[in-house]
1. Select from the stretch 108-123 the residues that are assigned to a loop (DSSP other than H, G, I, E, B) and loosely packed, with under 14 Cβ neighbours inside 10 Å and list them in ascending order.
2. Checking the structure you have, find out if any residue of the stretch 72-86 is under 22 Å from PHE117 (Cβ atoms), among the charged types (D, E, K, R) and open to solvent by 40 Å² or more (accessible area, probe 1.4 Å).
3. Which one of these is small (Gly, Ala, Ser), in contact with a His (Cβ under 6 Å, 6 or more places away or on another chain) and within 28 Å of PHE118 (Cβ to Cβ): ALA90, ALA51, ALA104?
Amino acid sequence: MDAWAASDPGLFGYFGGGSLTEKSHGQCNMAFFASRYGVEGLYLLDEPESALSPRRQLELRDLVGRAASQGDAQFIVATHSPILLSLPGARILSFDGACVQPVAFEATDHFRLYRDFFAGLGLKTCPSIGRVFSSRAKGSAAGGVKSANLLRGRGAGRGPPFES
């Protein structure tokens, strides 16, 4: 990548500047997201959480929320991440049935799976994502995000959580 960037010095600008060989996969993705989502546009994301730790997923959720609320960008995100699904004000759509339907965050299998997992450990929340569960449960969804749609994948809601 560094050799490629030598022939195109502006290339690192897409990744927030600096060498990519000095960053983890998730850090490279977040640098790219941070540098690109300030550009006005429509972003279609397919499981952007795949290379991100829970902490980085929170950062991405907040980054998407800021960009969408400022009117700079609109997002359509296909995700299995309850962290990304917790974006305050986001419209969550389910593709599980014959018709696409809105679904509440707390009604998603992904939320229930994490909630039940932590409850099984005797925890009400997890330190890294606890605020996700507690902030949505307390009704903080009244943010100004109107242009972020989060999509649940097919198979969720049919049978045990691990079947999707």
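1. Correct list: LEU121, GLY122, LEU123.
2. No: the stretch 72-86 contains no residue that is under 22 Å from PHE117 (Cβ atoms), among the charged types (D, E, K, R) and open to solvent by 40 Å² or more (accessible area, probe 1.4 Å).
3. ALA51
The values are calculated or read from the model by the stated rules, or taken from the named source; none is laboratory data. Treat the numbers as computed from the prediction; the structure is a model and nothing was measured. A quick note on method: Cβ atoms are made from the backbone with ideal geometry, for glycine too, and the neighbour counts reach across all protein chains shown. For the accessible areas, the whole protein counts, side chains as well, though only heavy atoms, and no ligand, DNA or RNA atoms are used. Shrake-Rupley method; radii C 1.70, N 1.55, O 1.52, S 1.80 Å.
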